[in-house]
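Below is one structure, written out as structure tokens; the observations come after it.
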Amino acid sequence: MLNFTIRRLLLAIPTLLFISLVIFLLLEASPGDPLGDVPLTVPPEVRERMRAALGLGEPWPVRYVLWLKQFFWVEPLYWFDQVFGTAHAADMQRIISFQSRSPVFDVIAQRVPQTLTVVGMSYVVGILIAIPIGIMSAYKQYSWFDQIGTFISMIGFSMPTFFTGVVLIIIFAVKLQWFPSVYDTTHEVTDWNSFLVQARQMVMPVTVLALYNAAQISRFMRSSMLDNLGQDYVRTARAKGLTERVVVLKHVLRNSLIPVVTVIALGLPAVFGGAIITEQVFKVNGLGQLLITAIHGSDIPMVLTLTFIFAILIVVFTLIADILYGVLDPRIRYD
Amino acid sequence: MTEPHRPATQPTDALKAAAGNAATPEGASPPVVPPVAEPEIVQTRSQWRDVWRQFRSHRGAIVALAIFVFIILFVSVGPLIWRIDPTYVDIRARNSGFSLAHPLGTDQLGRDLLARLMAGGQVSIAVGLTAMAIAIFLGSLIGVMSGYFRRLDGPLMRLTELFLALPLLPLLLLMVTLFREPLSQTFGSAFGIFLLIVSAIGATSWMQSARIVRGEVLGLKEREFILAARSIGTPSHRMIVRHILPNVLSPIMVAATLGIATAIITESALSFLGLGFPPDFPTWGRLLYDAVDQMVLYPQRVIFPGLMISLTVLCVNYIGDGLRDAMDPRIRGR
């Protein structure tokens, strides 16, 4: 197991390097110009100097290696300094956004909490809804509960989140006026009342994402339960005289959760990606919104860093899923 | 070539019959009926007839198929009946509600919503089908190559894993933003964007089908009929085209059906983020995006395109579900 983990970690390094190179070259091939908004009255030599100031004068391999160094060496060193009060990275250049002229990671750090509260919350809610539904529909296969559950989860992942979001806004924010349609990220939770306001503005984005996630996870849960319910050990457990409750909730559920847990781990980075749209619908200024504004503004360092962080999330969670699978299921051996 | 080909497939059928499955001739050899003897077997149970029979018993899939055919007719035949130009600006009739002249009302420029829904549907479904075709072609090619040729297996699967690790939606956004200008200059604004979106979606969604096809091919390669075909010296390309591909057709078809749904959703998501087709070129996602600004006053303009997207995707998903059940020989026997 340890061997497997180490091997996978080592394999992840070239993968990530390759992905960063792909993103970098894609951005490099783009015709978009970060100086596109600079007025034409600016003389060409000044424009050249501005270009050099942004670090665009060098050939691309140099800039790529420089970015790698900034990402993997300067930034961790800077965080180290922050924590321990040392000054190793004092004279080093951090990754700077073209748009805001502030370090990319500072901007990202401002945006992460919004994304995490909404996306993380919706994922948790989605799982909490999905698992009981999956258990029930598998246990009572082809019952009316199962039929309705199947239909609803089919609808759940057929409706794109931008449509469910807009419909919820029309119904609950415009017609009924229960919840605000725009997520106010400047709101701070200080007491009970402000917590209620925060909870109210989170209801709709969380519902939209949770519905979408629950639809998929409940399908997995159902099929995994069905696979296990037909196994011999279930018959043995029943023959021993165990109550139905113990058989289903202890024996079957535990075994069925193994693949579901890995699916949940695998789905987490995709949720971050999918949240881009939900954030756009509810005007949450999280990571997704940051990415879109950066793309529109040809802010190359920001786009590169953000996309790369998404890639790291995917690689890390795939690894976690594989390891979890091996830990939870002793029948799986990675040799 | 047909004469030595026949014995190659015969063991498979025998094997399947022995296993208690529906003993149908594989799609690999369409006319397996021996040319000389047994003239009484006229009504052969072909594989597709069995699949169709099983598919019919899936109620959801049949209803979905009917609705999907209706949607296709709506977007393809509809414009021939409802002859209002979807881009015709009638500023005096703007923002009109449901009326006889405009059954679904008009938008802020007085363009007829019904006509726009039809035109938008054509584009959305065309994008879905084309992107799916590209993804399936790439996926089957890479899957068959890596399953059949052992030497290619390692590199191609590493490539697949690399693509799986790419953050797809951000990358799609990036590709569409960066390359829309040059492509729309070379190919014209509508066709350029179509080409860009279709190839971007196709190039980022072939990985699942490649993995499925590879797994099937690996299993298939160990079967007797492949050994028999190899023993008479069938060259690799004919082996793949005549023996391997027809046998992996069913997982490919299921993946293709589900791929249409994903492609339609991805396209409308791109349009919704304002990165899809140009405004005078409606798609369902674009219609929804344009209507969001005025959704408080005119919610129907958001609801109709959204419903069309959801309905189409729901139907396609149900059809895929039914196909999967129908094509699985383990279930089909029952």
Considering residues that are open to solvent by 20 Å² or more (accessible area, probe 1.4 Å) and outside any helix (DSSP H, G or I), the number found within the range A:146-191 is 16
task = Could you tell me whether the range B:281-303 includes any residue that is more than 14 Å from every other protein chain (Cβ to nearest Cβ) and either under 30 Å from A:Thr293 (Cα atoms) or open to solvent by 40 Å² or more (accessible area, probe 1.4 Å) (or both)?
result = yes
Selection from the range A:227-246 of residues more than 35 Å from the chain's Cα centre (by Cα) and among the hydrophobic types (A, V, I, L, M, F, W, C) yields A:Val234, A:Ala237, A:Ala239, A:Leu242, A:Val246
Note on the range B:105-118: residues buried (at least 20 other Cβ atoms within 10 Å of the Cβ) and in a helix (DSSP H, G or I) are B:Leu113, B:Ala115, B:Arg116, B:Leu117, B:Met118
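Just checking, does the range A:189-202 include any residue being within 14 Å of another protein chain (Cβ to nearest Cβ) and under 14 Å from A:Val281 (Cα atoms)?
Kept after step one, since they are within 14 Å of another protein chain (Cβ to nearest Cβ), are these residues of the range A:189-202: none.
The answer is no, given that none of the residues of the range A:189-202 is within 14 Å of another protein chain (Cβ to nearest Cβ) and under 14 Å from A:Val281 (Cα atoms).
Considering only the range A:19-54, state which residues are among the aliphatic types (A, V, I, L, M), closer than 19 Å to A:Pro301 by Cβ and at pLDDT 70 or above. First the steps, then the outcome.
Step one: list which residues in the range A:19-54 are among the aliphatic types (A, V, I, L, M), which gives A:19, A:21-23, A:25-27, A:29, A:35, A:38, A:40, A:42, A:46, A:50, A:52-54.
Adding the requirement that they be closer than 19 Å to A:Pro301 by Cβ leaves A:19, A:21-23, A:25-27, A:29, A:35, A:38, A:50, A:52-54.
Matches in the range A:19-54: A:Ile19, A:Leu21, A:Val22, A:Ile23, A:Leu25, A:Leu26, A:Leu27, A:Ala29, A:Met50, A:Ala52.
Got at least one residue in the range A:234-241 being β-branched (Val, Ile, Thr) and open to solvent by 60 Å² or more (accessible area, probe 1.4 Å)?
First, the residues of the range A:234-241 that are β-branched (Val, Ile, Thr): A:234, A:236.
Still in the running and open to solvent by 60 Å² or more (accessible area, probe 1.4 Å): A:236.
Yes, some residue in the range A:234-241 is β-branched (Val, Ile, Thr) and open to solvent by 60 Å² or more (accessible area, probe 1.4 Å).
Restricting to the range B:138-147, what's the tally of residues that are open to solvent by less than 30 Å² (accessible area, probe 1.4 Å) and out of contact with any Gly (no Cβ under 9 Å at 6 or more places or on another chain)? Step through it out loud before you land on a result.
Applying the first criterion (open to solvent by less than 30 Å² (accessible area, probe 1.4 Å)) to the range B:138-147 yields B:139-140, B:142-144, B:146-147.
Add one more test, that the residue is out of contact with any Gly (no Cβ under 9 Å at 6 or more places or on another chain), and what stays is B:140, B:142, B:144.
Of the residues in that region, 3 qualify.
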Of (1) more than 14 Å from chain A (Cβ to nearest Cβ); (2) open to solvent by 30 Å² or more (accessible area, probe 1.4 Å); (3) closer than 21 Å to A:Ile19 by Cα, B:Ala135 satisfies every one except (2)
Within the range A:271-291, the count of residues that are at the interface with chain B (Cβ under 9 Å from one of its Cβ atoms) and touching a Pro at 6+ places or on another chain (Cβ under 9 Å) comes to 7
Out of (1) within 14 Å of chain A (Cβ to nearest Cβ); (2) touching a Pro at 6+ places or on another chain (Cβ under 9 Å), the one B:Pro155 does not meet is (2)
Original post:
Within the range B:246-269, is there a residue that is part of a helix (DSSP H, G or I), open to solvent by less than 20 Å² (accessible area, probe 1.4 Å) and more than 30 Å from B:Asp325 (Cα to Cα)?
Top reply: no
Apart from one, (1) touching a Lys or Arg at 6+ places or on another chain (Cβ under 7 Å); (2) modelled with pLDDT under 75; (3) among the acidic types (Asp, Glu) all hold for A:Glu75; the odd one out is (2)
Note on the range A:216-226: residues over 15 Å from A:Tyr142 (Cα atoms) and either open to solvent by 60 Å² or more (accessible area, probe 1.4 Å) or among the charged types (D, E, K, R) (or both) are A:Gln216, A:Phe220
Output for Cβ contacts, cut-off 9 Å, separation at least six or different chains, first residue among the aromatic types (Phe, Trp, Tyr) in the range B:254-276, second open to solvent by 20 Å² or more (accessible area, probe 1.4 Å) and in a helix (DSSP H, G or I), reads B:Phe272/A:Gln280; B:Phe272/B:Arg286; B:Phe272/B:Tyr289; B:Phe272/B:Val292
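Can you tell me which of B:Asp321, B:Asp325, B:Asp290, B:Asp280 is more than 30 Å from B:Pro251 (Cβ to Cβ) and assigned to a helix (DSSP H, G or I)? Outline the logic, then answer.
On the way: B:Asp321 fails: more than 30 Å from B:Pro251 (Cβ to Cβ); B:Asp325 fails: more than 30 Å from B:Pro251 (Cβ to Cβ); B:Asp280 fails: assigned to a helix (DSSP H, G or I).
Selected residue: B:Asp290, the only one of B:Asp321, B:Asp325, B:Asp290, B:Asp280 that is more than 30 Å from B:Pro251 (Cβ to Cβ) and assigned to a helix (DSSP H, G or I).
Among A:Tyr64, A:Tyr123, A:Tyr142, which is in a loop (DSSP other than H, G, I, E, B) and either within 14 Å of chain B (Cβ to nearest Cβ) or open to solvent by less than 40 Å² (accessible area, probe 1.4 Å) (or both)? Even if it seems obvious, please write down each step before you answer.
Numbers: A:Tyr64 fails: in a loop (DSSP other than H, G, I, E, B); A:Tyr123 fails: in a loop (DSSP other than H, G, I, E, B).
The match here is A:Tyr142.
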Checked pairs for the range A:1-18, first at pLDDT below 85, second among the acidic types (Asp, Glu) and in a helix (DSSP H, G or I), C-beta under 7 Å and 6 or more apart or across chains, list as A:Arg8/A:Asp322
Per the filter on the range B:185-229, residues in contact (Cβ under 8 Å) with a residue 24 or more places away in the chain, open to solvent by less than 40 Å² (accessible area, probe 1.4 Å) and within 14 Å of chain A (Cβ to nearest Cβ) are B:Ala200, B:Ala203, B:Thr204, B:Met207
Note on the range A:202-215: residues more than 16 Å from the chain's Cα centre (by Cα) and open to solvent by less than 10 Å² (accessible area, probe 1.4 Å) are A:Met204, A:Ala215
A:Leu116 fails exactly one of (1) part of a helix (DSSP H, G or I); (2) open to solvent by less than 60 Å² (accessible area, probe 1.4 Å), namely (2)
Taking the range A:292-322 and keeping residues farther than 23 Å from A:Arg63 by Cα, more than 10 Å from every other protein chain (Cβ to nearest Cβ) and in contact with a Phe, Trp or Tyr (Cβ under 8 Å, 6 or more places away or on another chain) leaves A:Asp322
Screening A:Ile314, A:Ile277, A:Ile258 for residues that are under 30 Å from A:Ala173 (Cβ atoms), part of a helix (DSSP H, G or I) and either modelled with pLDDT of 85 or more or open to solvent by less than 60 Å² (accessible area, probe 1.4 Å) (or both) leaves only A:Ile277
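Before we move on, is B:Arg180 within 13 Å of chain A (Cβ to nearest Cβ) and either basic (Lys, Arg) or buried (at least 19 other Cβ atoms within 10 Å of the Cβ) (or both)? Before the answer, list the steps.
Details: within 13 Å of chain A (Cβ to nearest Cβ): yes; either basic (Lys, Arg) or buried (at least 19 other Cβ atoms within 10 Å of the Cβ) (or both): yes.
It is true that B:Arg180 is within 13 Å of chain A (Cβ to nearest Cβ) and either basic (Lys, Arg) or buried (at least 19 other Cβ atoms within 10 Å of the Cβ) (or both).
The values are calculated or read from the model by the stated rules, or taken from the named source; none is laboratory data. Not measured: the values here are computed from a predicted model. Cβ: placed from backbone, ideal geometry, glycine included. Neighbour counts: every protein chain shown. These accessible areas exclude ligands, DNA and RNA; they are computed on the full protein's heavy atoms, side chains included. Shrake-Rupley method; radii C 1.70, N 1.55, O 1.52, S 1.80 Å.
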